[in-house]
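Worksheet: the structure to be examined is printed underneath.
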Amino acid sequence: MTGYRLAFSHEGLIPIEPAFANLEPDPDAVVHGVLHLLGTGQLEHLDRIEGAEYRHVDVVARGDDAGAVPARTYVDPDPVQGLRPSRRYLRSCCDGAREHGLPDGWVEELASHPSLHIPVVSDVANLFVGLAERLRRAGLRPELRRMRRRAQSGDDAAASRFDDDGRFTR
């Protein structure tokens with residue numbers, strides 16, 4: 001996507017996760033990422049998770065196969081400059097970029113960004129995040145259980161469009 005740059009300028013939970021990814025306008029920049037097709041209910045759920053600190057921005061993304069695609073992204077309207085993401089969060093961003101086949105140069109640029117590691121605090125935070133991830137992989141995903149219950153009760157038709165791995169299906 002052109003016209004934006006990736007910055008870690010969304011203030012997080014200092015010192016555990018001091019900064020999160022944000023897009024900032026920059027006419028000369030390009031950002032690589034992944035497009036997800038979301039229904040209205042899913043977008044509302046994402047809004048609840050991300051909170052009111054972001055605003056929606058309609059953009060045009062360009063996919064290798066799809067060409068120009070209208071998209072919506074989240075942008076922090078009050079970015080904080082000079083923040084560094086945790087080493088764990090930056091690694092997670094790089095792992096996701098590799099997993100989705102983003103360009104090697106983009107992954108290298110992302111990996112070269114300065115990060116923050118505070119001994120003990122960062123290590124304990126990593127343990128909790130790692131535990132939550134292992135529970136999720138083991139099938140203990142409360143968000144999926146909630147969506148399935150709503151789908152079964154007819155409260156949320158979009159919830160029935162998730163498979164057992166939490167992927168959106170058509």
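The values are calculated or read from the model by the stated rules, or taken from the named source; none is laboratory data. Source: prediction; values computed, not measured. Heads up, the Cβs are rebuilt from the backbone with ideal geometry, glycines too, and the neighbour counts pull from every protein chain shown. Areas reflect the complete protein model, heavy atoms only, side chains present, ligands, DNA and RNA absent. Shrake-Rupley method; radii C 1.70, N 1.55, O 1.52, S 1.80 Å.
Out of residues 5 or more away from Val59 or on other chains, whose amide H comes under 5 Å of its own, with H placed 1.01 Å from N in the peptide plane? Sorted by chain and number, the residues that satisfy this are Ala71, Arg72, Thr73. Applied to the range 67-82, the Karplus parametrisation 6.51 cos²θ - 1.76 cosθ + 1.60 on θ = phi - 60° returns per-residue 3J(HN,Hα) values of x, 6, 10, x, 9, 10, 10, 9, 9, 7, x, 10, x, 10, 7, x Hz, with x for Gly and Pro.
An oblate overall shape is assigned to the range 1-84, the ratio a/c of its alpha-carbon gyration tensor axes (a ≥ b ≥ c) being 1.5 or greater and a/b not exceeding b/c. Evaluating 6.51 cos²θ - 1.76 cosθ + 1.60 at θ = phi - 60° for every residue in the range 32-42, the Karplus couplings come out as 9, x, 10, 8, 10, 8, 10, x, 4, x, 5 Hz, glycine and proline recorded as x.
In terms of the mean number of neighbouring beta-carbon atoms within 10 Å, the peptides 19-28, 62-71, 45-54 order highest first as 19-28, 45-54, 62-71.
How much length would be gained if the chain were fully extended between Ile49 and Val75, taking 0.36 nm per residue of separation minus their Cα-Cα distance, in nm to one decimal?
On the way: separation 26, 0.36 × 26 = 9.36 nm, distance 1.42 nm.
Length gained between Ile49 and Val75: 7.9 nm.
For His113, the amide hydrogen comes within under 5 Å of no other amide hydrogen, counting only partners 5 or more places away or on other chains and with H modelled in the peptide plane.
Return one whole number: the accessible area per residue of the range 39-82 in Å², for a 1.4 Å probe.
Working: 3040 Å² over 44 residues.
For the range 39-82, the solvent-accessible area averages 69 Å² per residue.
Close amide-amide hydrogen proximity is noted between Ser86 and Ala19, Leu116, each under 5 Å apart and 5 or more residues distant or on a separate chain (H modeled in the peptide plane; Pro and chain starts excluded).
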